[in-house]
Amino acid sequence: MGLRGHLLHFLSDPSLTGSEALQSFSDGVLLISKGLISAVGPYAELSEAFHACDSQYQYPGRFILPGFIDTHTHFAQTDIVASPSPSLLHWLEHYTFPEESEFARTDHCHEVAHFFISELLRQGTTTASIFGTVHAHSCDALFQAAHHHDMRVIAGKVLMDQNCPKPLRDSARGGIDESQALIKKWHGQARLRYSVTPRFIPTSSAEQLRLAANLYHDYPDLHLQSHVAENADEVAWVKRLYPSARSYLEVYRDFGLLGARAIYAHCIWFDDDDRTLMANTRTAAAFCPTSNLFLGSGLFDYRAARAAHMIVGLATDIGGGTSFSVLRTMHEAYKVAQLTGLTLTPEDCFYLATLGGARALGLDQFVGNFQVGKEADCVVLNPESTALTTRRFQKTRNLSEQLFVMMMLGDDRMIEQTHIQGIPKLDQD
Ligand code: GUN
Ligand code: ZN
């Protein structure tokens, strides 16, 4: 199988290595064998092999990038996206918890999981780290839907045994036993992985947090996902629960919940000691700009995160976030960074959405760029998807400007095709 178009991908972080980070072939070829990349390079060098392929996909005037990576989202919040609320805790109580209660019904889980996975593909997202609900069968439905498309998905059943409506509570031990059963069933199957998923500090008892940490450390390659320091009232609540802790993040540390393959959404109300702790423990942050703006949570300080060498990925955080589109999320990340005194380059943003996200999830040995041997997930972008983008694109003078226009003006209309392990997933009209 072969793809031809304007190929571009990152070999490293452009904020560290500059222009060397980006590899671009304006007429390039990607060769794929058994779902893995077997060669990448200019058409002039690979034309013979390309034409010998049994299936050839030609994308003249289109950009072919590694599939987008969404490092934090909630499939069960699909139907409450855009629910107006003054702030996080009100939103959780009035929309999120009632909606997640609907997932007691297995048929509902399957219907929403199917829609959610289709929507990720329609937006060019090929890898995601996803929260289920407290119901174990919500994860079965999600993993089944992802497996159907052979997507690379990390997911977990939410652990919460306190401070939430009774029908949404598990028990400290029961939640862990259910997680363990899901790990046995799904972790490492095809392209699926399990993530231990305590919702956040207020909704888990100390016993549940201790057991969650044990589970995370019991397996060498398990993931962990949670939320931290998103909203001022949430931070104050954690302070009341753990008055002697120096910071919210240090509560997680004290339970043993930081480390490699762990990712925490938001990380807004951090100080430099928290940022250093994240970096030293190799714990990643999910930057969720549309969610943070929508819920009025605050501005993620990417400049400070960078200075502390934190690992950062980009995330939609549906349904606190307002768009499934990683292009739209890059756009909002750019604006948030502007407000914190950092002007991101388009290369920074596309790196965050691809290789940066893969690194944040600990999946960069599998996905994130077009290195030979990696899984051939890619997104095909049409820069001329609307009358406006067509006009604006004609005025661009170089690749960097082209990337900037795509991330500032692009949305789902710009996604022409999404390939999973080489296979095209979107119906063409
Ligand atoms: N904190 C705890 N749960 C949630 C959630 O579902 N969404 C967001 N944005 N923050 C949370
Ligand atoms: Zn979230």
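The values are calculated or read from the model by the stated rules, or taken from the named source; none is laboratory data. Not measured: the values here are computed from a predicted model. Positions of Cβ are backbone-derived with ideal geometry, glycine not excepted, and every protein chain shown enters the neighbour counts.
Within the range 98-119, none of the residues are farther than 17 Å from Cys288 by Cα, touching a Lys or Arg at 6+ places or on another chain (Cβ under 6 Å) and within 14 Å of ligand 2 (Cβ to nearest atom). Looking across Glu111, Glu93, Glu100, one residue alone is part of a helix (DSSP H, G or I), over 20 Å from the mean Cα position of the chain (by Cα) and surrounded by 24 or more Cβ atoms within 10 Å (Cβ to Cβ). It is Glu100. Specify the residue that is farthest from ligand 2 (Cβ to nearest atom); the eligible residues are those in the range 246-266 that are of a type outside the set (Ser, Thr, Tyr) and more than 24 Å from Ile69 (Cα to Cα). It comes out as Arg246. One residue stands out among those in the range 267-305 that are assigned to a helix (DSSP H, G or I) and within 16 Å of ligand 2 (Cβ to nearest atom): the one that is surrounded by the fewest Cβ atoms within 10 Å (Cβ to Cβ), which is Leu293. Going by what's in this entry, would Gly61 be described as more than 16 Å from ligand 1 (Cβ to nearest atom), free of Cβ contacts under 8 Å to residues at least 40 places away in the same chain and outside any helix (DSSP H, G or I)? Taking the combined requirement at face value, the residue does not satisfy it.
Scanning the range 367-419 for residues that are touching a His at 6+ places or on another chain (Cβ under 9 Å) and more than 18 Å from Met330 (Cα to Cα) gives Phe370, Gln371, Ala376, Asp377. Only residues that are touching a Lys or Arg at 6+ places or on another chain (Cβ under 9 Å) and either basic (Lys, Arg) or closer than 24 Å to Ala353 by Cβ (or both) were counted across the range 32-68, and they come to 8.
Counting only residues that are within 24 Å of the chain's Cα centre (by Cα) and under 16 Å from Ile201 (Cβ atoms), the range 156-174 holds 3 of them. Within the span defined as the range 111-124, one or more residues are within 22 Å of Ser226 (Cβ to Cβ) and in contact with a strand residue (DSSP E or B) (Cβ under 9 Å, 6 or more places away or on another chain).
Yes/no per residue for (1) in contact with a Pro (Cβ under 9 Å, 6 or more places away or on another chain); (2) not in a helix (DSSP H, G or I):
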residue: His331; (1), (2): yes, no
residue: Gly341; (1), (2): no, yes
residue: Gly357; (1), (2): no, no
residue: Gln365; (1), (2): no, yes
residue: Asn369; (1), (2): yes, yes
residue: Pro383; (1), (2): no, yes
residue: Leu388; (1), (2): no, no
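Do we have Gly356 as buried (at least 22 other Cβ atoms within 10 Å of the Cβ) and either within 16 Å of ligand 1 (Cβ to nearest atom) or hydroxyl-bearing (Ser, Thr, Tyr) (or both) here? No, not satisfied.
Select from the range 1-52 the residues that are β-branched (Val, Ile, Thr) and either crowded, with 20+ Cβ neighbours inside 10 Å or part of a strand (DSSP E or B) (or both) and list them in ascending order. Answer for the range 1-52, where residues must be β-branched (Val, Ile, Thr) and either crowded, with 20+ Cβ neighbours inside 10 Å or part of a strand (DSSP E or B) (or both): Val29, Ile32, Ile37, Val40. Among residues of the range 108-124 that are on the phi < 0 side of the Ramachandran plot, those with a Cβ under 8 angstrom from a residue that is assigned to a helix (DSSP H, G or I) and of a type in the set (Val, Ile, Thr), sequence gap 6+ or separate chain, pair up as Val112/Thr78; Phe115/Thr78; Phe116/Thr78; Glu119/Thr78; Gln123/Val326. Only one entry of Glu100, Glu111, Glu119 meets the criterion of being under 24 Å from His137 (Cβ atoms), modelled with pLDDT of 95 or more, among the charged types (D, E, K, R) and within 13 Å of ligand 1 (Cβ to nearest atom), and that entry is Glu100. When the test is whether a residue is part of a helix (DSSP H, G or I), buried (at least 22 other Cβ atoms within 10 Å of the Cβ) and within 16 Å of ligand 2 (Cβ to nearest atom), Thr316 does not pass it.
Every listed requirement among (1) within 16 Å of ligand 1 (Cβ to nearest atom); (2) surrounded by fewer than 24 Cβ atoms within 10 Å (Cβ to Cβ); (3) hydroxyl-bearing (Ser, Thr, Tyr) is met by Thr343 save one, (1).
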